[in-house]
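The values are calculated or read from the model by the stated rules, or taken from the named source; none is laboratory data. Since we're looking at a predicted model, the values are computed, not measured. Don't worry about glycine lacking a Cβ; one is built from the backbone with ideal geometry, like all the others, and counts go over all protein chains shown. Note: accessible area is taken over every heavy atom of the protein model, side chains too, but ligands, DNA and RNA are not part of it. Shrake-Rupley method; radii C 1.70, N 1.55, O 1.52, S 1.80 Å.
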Amino acid sequence: MKLSVLKIDGTNSGKEVVLDENVFGIIPNDHAIYLDVVQYLANQRQGTAKTKDRSEVAYSTKKLGRQKGGGGARHGSLKANIFVGGGRVFGPVPRIYRKKLNKKVKQLARFSALSYKAQENAIKIVEPFIMEAPKTKEFLSILSAIKAGDRKVLFVLPKNSTNIFLSSRNLPEVSVITVDEINTYTIMNANSLVLIDGVQDILASRVRR
């Protein structure tokens, strides 16, 4: 698949790049994508929710009344869950939600997601550029010029650029990441991908790892 490299003003730079078929042209594996997205979302969870059970609440353990003849149910202490302030039954406890996934499955999922975007013609290649200062308005004009600013956009850089990142930080529909941070979830969550020229070569080099 060939794509023209665009300038930041939206015009054609005259250069074409060929996307690696092993990255952008495979038959997508939906199950691999599912497994990788589930793992990514699970790994975002903190697992710190905690409630106190009846052994942890600060109440007396003295028996409230005699066992029989009181006209009501039997109770051993105020720590029972039916009393206000009593212990919680089957409440959440700290746990680890992290999941493991085979490295090759993760790579297959990532390449499948990229292949979906290529099939949808949702990938744009932009020649490298530098922003002298963080300017959201200037960054928006670039997105508008390359016709990528009307929906969710994933902007992928070959290396970190503080000014580009800061320029996009106030834009809820735009995510700027480096190629090392790219993952299946962010690809599938975006409507279009904007790759700085060179990113596609870095991705292709990872096929052989």
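Quick notes on this structure:
- The stretch between residue 166 and residue 42 holds 41.9 nm of extra length on full extension. This uses 0.36 nm per residue minus the Cα-Cα distance.
- Potential extension, residue 205-residue 22 segment - 0.36 nm per residue separation minus Cα distance: 64.9 nm
- Efficiency of FRET between residue 51 and residue 74 - r from beta-carbon atoms, R0 22 angstrom, step 0.05: 0.35
- Each label was represented as a point 7 Å from its Cα along the Cα-to-Cβ direction; for residue 58 and residue 83 these points are 1.6 nm apart.
- Entry note, segment 43-172: relative contact order of 21 percent, from Cα contacts under 8 Å with a spacing of 6+ residues.
- Across all directions, the shadow cast by the convex hull of the chain built on its C-alpha atoms averages 17.9 square nanometres.
- Taking every Cα-Cα distance in segment 94-144 and sorting them into 5 Å bins starting at zero, the pair-distance distribution P(r) comes out as 4, 13, 13, 13, 12, 13, 13, 13, 6, 1 percent.
- Of the whole protein surface, residue 11 contributes about 70 Å² of accessible area at a 1.4 Å probe radius.
- The accessible surface of segment 1-150, taken with every protein chain in place and a 1.4 Å probe, is 53 percent carbon and sulfur.
- Kirkwood-Stokes translational diffusion coefficient of segment 1-70, alpha-carbon pairs, 10 °C, 1.306 mPa s, µm²/s: 81
- For peptides 82-91, 122-131, 195-204, sequence by mean Cβ density within 10 Å, most packed first: 195-204, 122-131, 82-91
- Probe 1.4 Å, accessible area per residue of segment 1-100, Å²: 75
- Accessible area per residue, Å², segment 104-146 with all protein chains present, probe 1.4 Å: 52
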